[in-house]
Each structure stands twice: as C-alpha cells, then as structure tokens.
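Peer 1: My structure is below; once you've seen it, I'll send some questions.
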Amino acid sequence: MNARKKVAFCTLGCKLNFSETSTIARNFRDEGFDRVDFKEQADIYVINTCSVTENADKRFKTIVKQAQKVNPDAFVAAVGCYAQLKPKELAAVDGVDLVLGATEKFKITDYINDLSKNDFGEVHSCEIEDADFYVGSYSIGDRTRAFLKVQDGCDYKCTYCTIPLARGISRSDTMQSVLRNAKEISEKGIKEIVLTGVNIGDYGKGEFGNKKHEHTFLDLVSELDKVEGIERLRISSIEPNLLKNETIDLVSKSRAFVPHFHVPLQSGSDTLLKKMKRRYMSELYTDRVLKIKEVMPHACIGVDVIVGFPGETDEIFLETYNYLNELDISYLHVFTYSERDNTEAASFNDVVPKNIRAKRSKMLRGLSAKKRRAFYESQIGTEREVLFESENKEGYIHGFTENYVKVKSPWNPELLNTISKVNLTKIDDDGLVRFNFLD
Ligand code: SF4
C-alpha cells in the first residue's frame, strides 16, 4: 500500500495568509496528505508568499533552497500575493515546480499530479480582475488563537501599496458563513478569534457579489458578539476612517470583543497623508484615539507607521514623531518605505536616502518601546484576564491579557489555552509582565 504523502507549509506575511494556509492544508488533508513541519522531509512544500515583505524575492529563494536541502526531489509550489504579482519571476527560481495566482491557490491539489518535478515552474496565474469571488478561510491548530477571514481585497488606492494588485477588489464573506465559521472554531476549543482580512472595516461590500453593502462592520461586530461559546474576539487591524464611534462604543460594552485596536496611521503629517492617498487626516485619527480612551481607558492601541516615504523631510518626520509622542497610544509597527513596482509612489520625486530611512525607523522603534513600557506600567495593579499560549519558552509560559499586555509565568502545562483572572504586579527585565492568579 502506498505510504501517505507528506506536505509542508511556509507562510510569509499577514494573519490573512496564515488563515488561508490553514484552509489549503485542510484541503490537502482531505486528499489524504499528512502535514509535517517545513524543516522535515516532505513530498511537497507549499510557500504562501507576501508582497509587502522587504526583500520578498531573496526571502523566497532562501526558503526554496531550504526545502530543496531537506528533500531535493520534493515538489515546490508557490501561492499568495507575491505569486500573483510576479509569477514568472518565481517560476524561474531553481527548484520551483508550480506557481498559482489568486484564483487558483485554493485549488492547488488539482495541479500537483503525481508530484514529479517540472523542468521549469508551471504558472497558472490570472488577471487580478478575475479574482472577484470570495473564498472563506480560518486558521486552526497552528496557534492558540484562530485567524478568521471575513473580508478580502481592497478598493482603496494608497499610493505605496501593492495589495489591491495582488488580492483584487474588496469583497466579503456572507454574515451567515462568518457566524458559522466562528461557531465551528469555538466548538474546537479555541478561546480567541482574530478577525482578519485586507480592509475589514469595509466588511459587507461584495457580500453577495455586488458592490453594495448588505451589512456593515458594525453589524458584523454586533452579530459575532452574540455567538455563544466564543470567549474572545479581537479585531486585527482597521482603517481609522472605517472605525466608527458606534463600533468603539459597541466594543466597550461587548461580551467578547477585547479592548485592543490596531489602527494604521502611516504618517502624522497631513501633507504626506494626502500624498499617500489615505482617506483621513491626522485630526480624525486623534479623534478616534480620544474616543477609544474615553470609553475604554485601559484599551491598547497599536499604530502602523511608514518612514521614509518620498517627500518626508526632516521637519515632516519630526511632525510624525511628535504627533505620535503626544498621542495616548501603546505601541508602533514601523515599516520602512520601499518602492514597489506598479505603485504610484514608485515614481515620486523627493526620494529619501536609504540610510535616512533606516535612521528614522530606529528612532520610531525607540519611541514604540517607550510607549509600550508606559502602557504596561499603566496596567500594573489592575485585574486582567490572560489567555495562555501553547509553547514552553525557556521554562516559561507566555500569554496575553485582553488588552494585549504580554505576561509570563513559570511553565505549567495545565495552563495551556486557558483563560485566568490575574492581578498584574511588575514588569520583568525582559519587558514581560508578572502577575498573581486571582482565582
Ligand atoms: S487600505 Fe491602502 S494600504 Fe491598506 S490594503 Fe488598501 S490600498 Fe493597501
């Protein structure tokens, strides 16, 4: 009898990619494959690529080499955003057998035949306009929390961004299907669901294959909060102009939504926000932060910011720095601007030299550490609920409070994937927070 085939996955990029890898992995399981770790011997290696990652091309080649080292005869397939944007480039990489675009990635098991290697990477790509249908997905079993995809694609035109070119127009899962998936996840014992997508604040658009909004993100939050059995719901990232005050109020009163908001800002300068074609000015962003802190003073607010965008003079950078320094936010995700093919910004003048970009990135990461420390200090002495992760990290178990404070405790396997009431006591030298159990 033929031994069951083995498949291994490597996922780059965002939570959405992780949720889609998990769904693709379930398709392989249904076809009789066993999933193994990427470091192990497999018959096929699937790489779910990202187009935002710095040096995506170098990263991809390294990962292919890694797979080939473990099993030179293995079949190597590439899917994801980078595969959609640069299919021929990926197919030309030594060892790659298959490259699938946005419309084909979920049908990968139809393309693998007998897993014999191809002389040259076979490409099944598409025009991104064809990727106008929605495929649901959620991650399970990979981590303590599940990433639930509720929306895909984006209709915005931010001048630095390739995502609409890689993922297509904004479209959403049906409310019914989201609620069903959420229920399914909670019935598998997962305590926390993270809502993910490309522009989830635009939820509802394209739910029934048209441009209309049958439901809104507010409806989605309200309906999900009613689903019994789900202990925690976390909003992954939401555009400031789509984070309505009603949604903030609903989260503050909700049963399961946690007080943690990740809201991309990109720049504190209105001049640059215009050049980026973002759909808000800094005043609106400030209003959102003030509103959140008004109704949830203990809420955690994370901010995406880009440094080194064309036209970012020293004055404009300082404007962003001071703006963030004054804002009551909790941490930053700092992205160093890098030119992307086929984006409007790639042809902008006033290019910022790479060394200046790196210097500014360092400054903002320093500010982020300061903000996170101040936020953690503000939580010492408060009572919180911790969801414990699933790994033994050098004799410690880690976890996150509902408002995204990272804690640690001596390793205890009974705590795995449980939620406990705690009192936060102090910040350790490594920046993680210690606590006493309350129950
Ligand atoms: S909102 Fe802007 S940055 Fe975000 S995915 Fe859409 S185009 Fe890209």
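Bear in mind that the values in this text are calculations on the coordinates, not laboratory data. As the structure is a prediction and not an experimental result, all values here were calculated from the model. Backbone-built Cβ (ideal geometry, glycine too); neighbour counts: all protein chains shown.
Peer 1: Go ahead and estimate [θ] at 222 nm for the chain from helices alone: -39,500 (n - 2.57) per DSSP H run with n ≥ 4, summed, over the residue count, rounded to 500.
Peer 2: -9500 deg cm²/dmol
Peer 1: Let me know the whole percent of all Cα-Cα pairs from segment 275-434 that are separated by more than 23 Å.
Peer 2: Roughly 50 percent, rounded to a whole number.
Peer 1: Which whole-Hz couplings ³J(HN,Hα) result when phi for each residue of segment 204-213 is put into the Karplus expression 6.51 cos²θ - 1.76 cosθ + 1.60, θ = phi - 60°, listed in order with x for Gly and Pro?
Peer 2: Karplus values, whole Hz, x for Gly and Pro: x, 5, x, 4, 10, x, 10, 7, 6, 9.
Peer 1: Please find, in a Gaussian network model of the chain (springs between Cα atoms separated by less than 10 Å), the residue of 139, 361, 172 whose mean-square fluctuation is greatest.
Peer 2: Looking only at 139, 361, 172, the biggest GNM fluctuation is shown by 361.
Peer 1: If you average the C-alpha positions of segment 352-388 and of segment 84-109 separately, how far apart do those two centres end up, in angstrom?
Peer 2: 37 Å
Peer 1: For the chain, list the cysteines whose Cβ sits under 4.7 Å from no other cysteine Cβ?
Peer 2: Those would be 10, 14, 50, 81, 126, 154, 300, since no other cysteine Cβ in the chain comes under 4.7 Å of theirs.
Peer 1: List the residues whose amide H sits under 5 Å from the amide H of residue 262, counting only those 5 or more places along or on another chain, with H placed 1.01 Å from N in the peptide plane.
Peer 2: Close amide H contacts, sequence-distant or interchain: 238, 302.
Peer 1: Order 222-228, 98-104 from most to least packed using the mean count of other Cβ atoms within 10 Å. Before the final figure, lay out the partial values.
Peer 2: Working: 222-228: 15.3, 98-104: 24.1.
Going by the mean number of other Cβ atoms within 10 Å, highest first, we get 98-104, 222-228.
Peer 1: Using only C-alpha positions, report the orientation-averaged shadow area of the convex hull of segment 6-126, nm², one decimal. Intermediate results must be reported in sequence, preceding the final value.
Peer 2: Working: hull surface 25.3 nm².
Dividing the Cα hull surface by four gives the mean projection, 6.3 nm².
Peer 1: Now for a different question. When you count, for each residue, the other Cβ atoms within 10 Å and take the mean per peptide, how do 179-190, 116-127 rank with the highest first?
Peer 2: Taking the mean over residues of other Cβ atoms within 10 Å, the ranking is 179-190, 116-127.
Peer 1: Something else about it: Name the long-range amide H neighbours of residue 307: under 5 Å, sequence gap of 5 or more, or other chain; modelled H, no Pro or chain starts.
Peer 2: Hits under the 5 Å cutoff: 335, 336, 337.
Peer 1: Using label points projected 7 Å from each Cα along Cα→Cβ, tell me how many nm separate residue 118 and residue 271, to one decimal.
Peer 2: Simple spin-label model gives 4.9 nm for this pair.
Peer 1: Below 8 Å between Cα atoms, with a sequence gap of 6+, how large is the relative contact order for the chain in percent?
Peer 2: For the chain, the relative contact order is 9 percent.
Peer 1: Straight-line reach only, C-alpha to C-alpha below 14 angstrom: list the aspartates and glutamates that residue 65 could link to, leaving out same-chain residues fewer than 8 apart.
Peer 2: 40, 57, 73, 94, 97
Peer 1: Let me ask you something else. Which entries in 58/354; 58/275; 188/370; 370/406 show an alpha-carbon gap greater than 27 Å?
Peer 2: Over 27 Å Cα-Cα: 58/275; 188/370.
Peer 1: Just to be sure I understand: of the beta bridges DSSP finds with both ends in segment 129-258, what percent are antiparallel, rounded to 5?
Peer 2: Of all bridge pairs located within segment 129-258, approximately 30 percent are antiparallel.
Peer 1: Turning to a different aspect of this structure: Give the span of the chain's Cα atoms along each principal axis, as three whole-Å numbers ordered largest to smallest.
Peer 2: Result, largest extent first: 61, 57, 47 Å.
Peer 1: Convert each backbone phi in segment 377-390 into a coupling constant with the Karplus relation 6.51 cos²θ - 1.76 cosθ + 1.60 (shift: θ = phi - 60°), then list the ³J(HN,Hα) values in order as whole Hz, x for Gly and Pro.
Peer 2: Per-residue couplings from phi come out as 4, 5, 9, 4, x, 9, 8, 9, 10, 10, 9, 7, 6, 10 Hz.
Peer 1: What order do you get for 426-432, 320-326 when each peptide is scored by the mean count of other beta carbon atoms within 10 Å, highest first?
Peer 2: Result, highest mean Cβ count within 10 Å first: 320-326, 426-432.
Peer 1: Quick one: dipole size for segment 1-141, taken about the Cα centre, charges +1 on Lys/Arg Cβ and -1 on Asp/Glu Cβ, in debye to the nearest 20.
Peer 2: Details: 18 positive and 22 negative charges, 128 e Å.
It comes to approximately 620 debye.
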